[in-house]
Every structure is written in structure tokens, then in C-alpha cells.
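Below is one structure; the comments refer to it alone.
Coordinate-derived values only; no laboratory data. Treat the numbers as computed from the prediction; the structure is a model and nothing was measured. We place every Cβ from the backbone using ideal geometry, glycine too, and count neighbours over all the protein chains shown.
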Amino acid sequence: RKEVEQDPGPFNVPEGATVAFNCTYSNSASQSFFWYRQDCRKEPKLLMSVYSSGNEDGRFTAQLNRASQYISLLIRDSKLSDSATYLCVVNRLGAGNMLTFGGGTRLMVKP
Amino acid sequence: GAGVSQSPSNKVTEKGKDVELRCDPISGHTALYWYRQSLGQGLEFLIYFQGNSAPDKSGLPSDRFSAERTGGSVSTLTIQRTQQEDSAVYLCASSLRTGTGGEKLFFGSGTQLSVL
């Protein structure tokens, strides 16, 4: 089993739609969680951290479910510019708390 | 510069040649990662440096790959006897470790390696 798993998609949605991605992680003791965004042929960039109580940043909401070991990202009112690959990132305890990336979920927002 | 710098941005080499890829992390960042990404694929972890600790080399795909980090700053990824399957974008990232686990990663723009 991979440490961090994501549905690769693609998720094809119309502008204005609400879309949600889930990511599961295998290490129950993981403590830090993030969503990164990667545009085509560009480097990944931090979108948002994921806090235990859930957090929101504009149209984006991130949630953590420790019992089921998954995190989610909800995007409301999708824009064309949201089209990208969304990467789930979890820290690996031990060995210096290294961050581990999921394979990414591709989102395509269409007019 | 303020960001992570990688060089060269593009490298074309012949099969069997050795290549060196360079990463200059953000000043003061103690953690440094190397990843590679093939077209349309996810990030593949290669190696992780954290301060003066022994690096985590668990992601290196073969003994043709090696990396070092001198003086806790600049890192060089070396691929010996390159093969066509080594063709990918090699990404470097750094972060400022505070001991709490999982800080924001800053990525360089990558080196596109093409092995002919």
C-alpha cells in the first residue's frame, strides 16, 4: 500500500461547480498535512495546510479525518484557472519528518 | 535570489554519459529534497537531506544515482551511465525545519533531463 494515495482523475467539471478530492494516508501517527497545486509543466506550490479542525481559504476548504486517515479538499465555484493537479502531502514520522507526496489528482474545469 | 535555484534548466545527454544536476536551496533552509517527475506522472521521491543527519536515500532507483550536499547548502545529484529511462524533470525543494514536522516546501523550476 502506498503511503499517500489519491484518485488520479481527471475530474472534469463545468465552471461554477463544486468539486471535492480525497486523499488517504497509511501512517496513523502522521501529524502534518498539506495540499499543493501543480500546473502543467510547472513546479508544485503550496495551496494550503490542513488543520485538525478544518480550515478554509476563500473558495477552498480542507478537512482532516484522523479516524479514517484521509484529508479532503473542496473547491467551490470552480474557475477555469483552478485547472491543475492537486497533490496531497503528508509527513512521514521518523527519519526527520520527511514529507511524502501523493500521486496527484488532476482537475479540469471547462467553460 | 530568494527562491530555490536549479541548474541547468535543460540538459540533453547521450546514453552512457554522466550528468550532474545542481540545486541551490533558500538560504537557511536545512531540509532539501530531490524528486523526479516523468511526463504526466506524479512526483517520485529520490533523496532527502536534513541538517547534519544522514540522508534518506531510500528513493534512489539504482546505484547509478547519488547525491551530496556540501556545507549544508548546495546539493548535487549525479547520475552515472545515464539511460533513456532517466529522462524526466528533476525537482529540488527546500524547507525551513522547525522540528514540528512538515513545513512548507519551496520548489525550484527543475532540470529537464533528456537522454538520447
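So the values come out like this:
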| read-out | value |
| --- | --- |
| Cα-based Rg / Dmax (Å) for the protein assembly as shown | 17.7, 52 |
| 22 Å Cα-Cα reach of B:LYS11 towards lysines, excluding residues that sit fewer than 8 places from it in its own chain | A:LYS42 |
| The stretch A:6-75, relative contact order [Cα under 8 Å, separation at least 6], % | 31 percent |
| Nonlocal amide H pairs with B:SER114, under 5 Å, H built at 1.01 Å | B:LYS11, B:VAL12, B:THR13 |
| For q = 0.22 Å⁻¹, Debye-computed log10 I/I(0) when each Cα of the stretch B:27-116 counts as one equal scatterer | -1.15 |
| In Å, descending, principal axis extents of the Cα set of the stretch A:1-103 | 41, 31, 22 |
| Set of aspartates and glutamates with alpha-carbon distance to A:LYS79 below 13 Å, sequence-local pairs under 8 removed | A:GLU15 |
| Taking chain B and dividing mean pair separation by its residue count, relative contact order in percent (alpha carbons under 8 Å, at least six apart) | 38 percent |
| Isolated Cys residues of chain A, judged by Cβ distance under 4.7 Å to other cysteines | A:CYS40 |
| Along chain A, longest interval not containing exposed trypsin sites (Lys or Arg not before Pro), exposed being DSSP loop plus at most 14 other Cβ atoms within 10 Å | A:3-40 |
